[in-house]
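A.B. asks: For reference, the structure I am asking about is given below.
Each reported figure results from applying straightforward, stated rules to the coordinates on display, with no laboratory input. Just so it is clear, the structure is predicted and the values come from calculations on it, not from any experiment. Ideal geometry is used to build each Cβ from the backbone, glycine not excepted, and the neighbour counts take in all protein chains shown.
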Amino acid sequence: MLLIKRFAIYAVPIVVSTGVAMAHSGLRGSLENSTQPKELQLAQFKLILGTSDKRIRRTMRDNGYTEVEIKHRGLTKALADGCKRGGRFRVEITPRGRIRAENKIGDCRPPISIGDARDRIRDRGYRRIEIEERGDVPFVATACRRGDRFAINVNRYGDVNIGKKLGSCRRRLSQDEMRVSLRKRGYDRIDFLVDRSGRRTLAEACRKGGRFELAMNRRGKIVDEKRIGRCAKPIAPRDLVSHIEGQGYDRVDVTDRQLPRYQADACRGTTRFELVIGRYGKIRRETRVGRCPPPIDERGLRRLMTRNGFSKIQLVSTNTNEYSTIACQKNDRMSVRFSRYGEVIDQKRLGSCVSPRIDQILQKLDANGVRKMTIHFEGCRGRNRIRFTYNEYGEQLDRERIGRCLVSR
């Protein structure tokens, strides 16, 4: 068309008069592309922006890895380090969550359980061991050797640190015996505390909805009882996410919903933790396993989308938890929702991003009964903004200066 040859240089909006007005952008690309490839019209569309942290960690766990640390996340692969059977491996994961390669890079020191910690202390010749699990140490104990009672700490990898002498050891009930005695009295959810004096046994326990702090002598008799609060009801699996978020975590991924304890991955700030949660919602263990990405702003979101092949990005709405966008990826117009951390929540295809040609627009209007159409182009030439007027045959009818144009520096 004459119109195409003469005005392919303008990338300007279009307005059609005679009772019909419309906006049109990307004229140059539209005029030059006279046909649209049929193979680009997909019946279905699936968007993958690399592999999410959640999928990487789930893949590693499902394949027997622990102490997972994500090293790289790209569009075509992700790399993560993890421990398995005493070895540390660098694992390559596909965007579909499948393991492509595993390379051993060293050895792992496996964390121990509370039972293992007790065995380590016993192997050193200590008896009548009273031990509890704490998140920071994580095992604290008192034990007897040669008639004396000692304070003992054991780290997560089994290193035993013998503390100060607390006093002499005389025959007393073990924690297991005291637990049986307390349950017979109607207590449950019994947590033993370590009394550094070694003269009595301290515990916290629930009875009839109340939480009590108990002090017992060496024969298990309660010598002091103080109510310290209420006891929570058992937490339902469906309430785990909201409960963990209420403890100051976000981006919660529950990995085990089966009792006797629950497990989850969650972030606090930019640190990722692996959590062990008890039946009643108490976080019994918190293990740092990696980093979490910080929140992303609008500028960062646009950079992220541009790096992943999006163009003509339009931010539709924002709130404290997510962004809603409309953008083009190749020839598809997409609606994509992101979390405030740049993770894809949902996406769907809205249509094509290829603009129709001017003659197609005119034919459509003509089919709807529009006659004697006039086409207006607006564009900048130097510092002047100019409006061109054409009839439906591409003949120029008018040209006028309508204002000034801003010149970018």
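A.B. asks: Please compute the length gained on full extension between residue 279 and residue 54, using 0.36 nm multiplied by the number of residues separating them and subtracting their Cα-Cα distance. Display every interim value, and only then the final one.
C.D. replies: Details: separation 225, 0.36 × 225 = 81.00 nm, distance 2.39 nm.
Between residue 279 and residue 54, full extension yields 78.6 nm more.
A.B. asks: Another question, then. Measure off 7 Å from each Cα along the Cα-to-Cβ vector at residue 271 and residue 162, then give the distance between these two points in nanometres to one decimal.
C.D. replies: For residue 271 paired with residue 162, the spin-label model returns 3.3 nm.
A.B. asks: Now for a separate question. May I ask for the equivalent-ellipsoid semi-axes of the stretch 209-315, computed as the square root of five times each C-alpha gyration tensor eigenvalue and listed largest first in whole Å? Don't skip to the end; give the middle numbers.
C.D. replies: Working: eigenvalues 380, 37, 33 Å².
The three semi-axes for the stretch 209-315 are 44, 14, 13 Å.
A.B. asks: Sticking with this one: Compute the distribution of all C-alpha to C-alpha distances in the stretch 279-402, in bins of 5 Å from 0, and list the percent of pairs in each, rounded to whole numbers.
C.D. replies: Going out from 0 Å in 5 Å bins, the stretch 279-402 shows 2, 8, 12, 11, 9, 10, 12, 11, 9, 5, 2, 1, 2, 3, 2, 1, 0 percent.
A.B. asks: Moving to a separate point now. Net charge near residue 366, counting Lys/Arg +1 and Asp/Glu -1 over other residues with Cβ under 15 Å of its Cβ? Mind dumping the intermediate values first?
C.D. replies: Details: positive: 357, 364, 371, 372; negative: 359, 392.
Residues near residue 366 contribute +2 overall.
A.B. asks: Right, another one. Under a straight-distance cross-link criterion of Cα-Cα below 16 Å, which lysines are reachable from residue 233, leaving out those fewer than 8 residues away in the same chain?
C.D. replies: Those lysines meeting the cut-off are 208, 282.
A.B. asks: At 7 Å along Cα-to-Cβ for each site, give me the label-to-label distance between residue 343 and residue 146 in nm.
C.D. replies: 5.5 nm
A.B. asks: Under a crude label model (7 Å from the Cα following the beta-carbon direction), how far is residue 85 from residue 359 in nanometres?
C.D. replies: 6.8 nm
A.B. asks: Let me ask something else. Around residue 101, with a cut-off of 12 angstrom between Cβ atoms, what is the net charge of the other residues, counting Lys and Arg +1 and Asp and Glu -1? If you can, show how the numbers build up before the last one.
C.D. replies: Numbers: positive: 77, 90, 98, 100, 104; negative: 92, 102.
So the surrounding residues net to +3.
A.B. asks: Rounded to whole Hz and in sequence order, give me ³J(HN,Hα) for the stretch 218-226 from the Karplus expression 6.51 cos²θ - 1.76 cosθ + 1.60, θ = phi - 60°, writing x for Gly and Pro.
C.D. replies: 5, 9, x, 7, 6, 9, 7, 9, 9
A.B. asks: Sticking with this structure for a sec: Could you calculate the contour length gain from residue 66 to residue 104, that is, 0.36 nm times the residue separation minus the distance between their Cα atoms, to one decimal place in nm?
C.D. replies: Gain in length upon complete extension: 12.3 nm.
A.B. asks: Tally Lys/Arg at +1 and Asp/Glu at -1 over every other residue whose Cβ is under 9 Å from the Cβ of residue 192; what's the total? Walk me through the intermediate numbers first.
C.D. replies: Working: positive: 179; negative: 130, 132, 191, 204.
It works out to a net charge of -3.
A.B. asks: Gain in length, residue 245 to residue 218, computed as 0.36 nm per residue apart minus the alpha-carbon separation, to one decimal in nm? Walk me through the numbers on the way to the answer.
C.D. replies: Details: separation 27, 0.36 × 27 = 9.72 nm, distance 4.06 nm.
Contour length minus the Cα-Cα distance gives 5.7 nm.
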